[in-house]
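Worksheet for the structure shown next.
The values are calculated or read from the model by the stated rules, or taken from the named source; none is laboratory data. As the structure is a computational prediction, the values presented were derived from the model and not from experiment. Cβ placement follows ideal geometry from the backbone for every residue including glycine, while neighbour counts extend to all protein chains displayed.
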């Protein structure tokens, strides 16, 4: 049985830990073993993929085995998540990630950082997910605008054999830009490093070990570019954080990045890996550590990277009905394509792609617009050639954003295009266009041609975007308060489904962005 007990249970913990909240009760010069297991950026992957990789049933087998090993040797385990449980797989998205959070409850996660994608749904869905999970959602820097109170608890205290361990959560401040404005309008996302300046010294007084579970991103040497500052910046900004368990940037760290005495770890994405950090604690400090990023049935050239991990049958039985229910309506073929449409994150956030053009064109045609712009962060996967199913489309566009437009003057359109053109490559804000030829010099529009002519400041043009962008998402100008603004009532995924049905088979070459956008 698990012996790591949240201090928020109050009197029970005080009795069990020998008044742990009054001061440490560990034995001096004695070694204690704490193993931190962690995942991040789950994004709806409760079920293994078609190659049998990852999935929560194999993850449970692995974690159960590690727990048994550690506890047999007298140590304890803390299981943490770097957040972003939501959005990415239709079977999960259509069921509000219920199987994912119930699976995490079965895995006995101890705490989770609140990720930006936790705000892809209305607030009542988020609170329902917290109930399903049954473990603390943590964020010290999300507060209500009107009263400054925290949306979730900033930290949780645990007792590890007399060692007081504080687990504190932080969420990327970029959430204010990349979260759905409709669902976060009443919240402030404070700068984590500023919050930490006051909070970490306070926790240092209460604990021997401070673990930050974050959804901020790991950027090598603190070079975060167009993103908000991440874990390296946080570690360098304040003394006293012993370990940062991160997420958001979705990169694997096969060795901890040590910054300012802080061990920074991250386990890639989707439950592909489980990170294992074995700590030896002596006199309230980390005396030594070992780290392993354990692949969960991952393959390379069809060969398993490590011995196969069996699926846990109890977890499998719980998840199977959700997988069946989610799959039933999604496998219908809606059309086909003669080649791949590129939506891979590393490509679509850095350059125009045929998938960006396809999505923008489908939206422009539906709204009878002149120009359509799509933020690349709303494109989540490739659309492969061959038969295309509704599930394929939802994998590409899982957010259920509305299709909206505004009739702009040419002058207003040019102002908007200047903002779109300035969006930095590598970020989710990077713009994909259709219906326009642009010349962009040093991040500014120097020529814009629509319908074969340069944009006339005195003429009227219909700009088509999604509701996320119209609300100010990704830092685009808010236009849903414009007098000519129209919400069509159509959902983005349904729009592209209809377009594919009407234009199938798609010819990939028809959507080549070519020289429509020239950057100098």
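Filter the helices (runs of 4 or more DSSP H) completely within segment 307-370 down to those with at least 3 residues that are over 23 Å from the mean Cα position of the chain (by Cα).
Numbers: elements: 313-328, 345-348, 354-366.
Fully inside segment 307-370 and qualifying: 313-328, 354-366.
Which residues, counting only those in segment 229-260, are more than 14 Å from residue 39 (Cα to Cα) and within 14 Å of the chain's Cα centre (by Cα)?
230
If I filter segment 137-146 for residues that are farther than 16 Å from residue 42 by Cα, assigned to a loop (DSSP other than H, G, I, E, B) and touching a helix residue (DSSP H, G or I) at 6+ places or on another chain (Cβ under 8 Å), do I get at least one hit?
Taking segment 137-146 first, the residues farther than 16 Å from residue 42 by Cα are 138-146.
In the following step, the residues that additionally are assigned to a loop (DSSP other than H, G, I, E, B) were identified as 139-141, 145-146.
Checking the rest, the ones that are also touching a helix residue (DSSP H, G or I) at 6+ places or on another chain (Cβ under 8 Å) come to 140-141.
Yes, there is a match, as at least one residue in segment 137-146 is farther than 16 Å from residue 42 by Cα, assigned to a loop (DSSP other than H, G, I, E, B) and touching a helix residue (DSSP H, G or I) at 6+ places or on another chain (Cβ under 8 Å).
Looking only at segment 211-236, count every residue that is surrounded by fewer than 19 Cβ atoms within 10 Å (Cβ to Cβ) and assigned to a helix (DSSP H, G or I) and tell me the total.
4
Condition test on residue 83, is it more than 20 Å from residue 317 (Cα to Cα), surrounded by 20 or more Cβ atoms within 10 Å (Cβ to Cβ) and in the same structural domain as residue 275 (by TED's automatic domain parsing)?
Values: more than 20 Å from residue 317 (Cα to Cα): yes; surrounded by 20 or more Cβ atoms within 10 Å (Cβ to Cβ): yes; in the same structural domain as residue 275 (by TED's automatic domain parsing): yes.
Taking the combined requirement at face value, the residue satisfies it.
Considering only residues that are at pLDDT 95 or above and either within 15 Å of the chain's Cα centre (by Cα) or assigned to a loop (DSSP other than H, G, I, E, B) (or both), which ones fall in segment 102-118?
Answer for segment 102-118, where residues must be at pLDDT 95 or above and either within 15 Å of the chain's Cα centre (by Cα) or assigned to a loop (DSSP other than H, G, I, E, B) (or both): 108, 109, 110, 112, 113, 114, 115, 118.
Please find, within segment 166-188, the residue that is nearest to residue 138 (Cα to Cα) out of those that are surrounded by 24 or more Cβ atoms within 10 Å (Cβ to Cβ) and in contact with a strand residue (DSSP E or B) (Cβ under 7 Å, 6 or more places away or on another chain).
169
Pairs please, first residue from segment 487-500 and part of a strand (DSSP E or B), second anywhere and modelled with pLDDT under 85, Cβ atoms under 8 Å, 6+ apart in sequence or on different chains.
491/400
Could you count how many residues in segment 381-418 are assigned to a helix (DSSP H, G or I) and touching a helix residue (DSSP H, G or I) at 6+ places or on another chain (Cβ under 8 Å)?
Applying the first criterion (assigned to a helix (DSSP H, G or I)) to segment 381-418 yields 390-396, 410-418.
Those still in the list that are touching a helix residue (DSSP H, G or I) at 6+ places or on another chain (Cβ under 8 Å) too: 390-391, 393-396.
Residues in segment 381-418 being assigned to a helix (DSSP H, G or I) and touching a helix residue (DSSP H, G or I) at 6+ places or on another chain (Cβ under 8 Å): 6 in total.
Being over 22 Å from residue 78 (Cα atoms) and in contact (Cβ under 8 Å) with a residue 24 or more places away in the chain is the requirement here; does residue 212 meet it? Even if it seems obvious, please write down each step before you answer.
Details: over 22 Å from residue 78 (Cα atoms): no; in contact (Cβ under 8 Å) with a residue 24 or more places away in the chain: yes.
Against the criterion (over 22 Å from residue 78 (Cα atoms) and in contact (Cβ under 8 Å) with a residue 24 or more places away in the chain), residue 212 does not qualify.
Residue 462 versus (1) farther than 30 Å from residue 228 by Cα; (2) at pLDDT 95 or above; (3) surrounded by 15 or more Cβ atoms within 10 Å (Cβ to Cβ); (4) in contact with a helix residue (DSSP H, G or I) (Cβ under 6 Å, 6 or more places away or on another chain): which is the lone unmet condition?
Unmet condition: (4).
If I filter segment 439-486 down to residues being assigned to a strand (DSSP E or B) and out of contact with any strand residue (DSSP E or B) (no Cβ under 7 Å at 6 or more places or on another chain), which single residue comes out as farthest from residue 518 (Cα to Cα)? Show your work before the answer.
Filtering segment 439-486 for residues assigned to a strand (DSSP E or B) gives 439-441, 444-450, 453-454, 460-466, 485-486.
Checking which are out of contact with any strand residue (DSSP E or B) (no Cβ under 7 Å at 6 or more places or on another chain) leaves us with 441, 444, 453.
Numbers: 441: 8, 444: 11, 453: 17 Å.
Top of the filtered list is 453.
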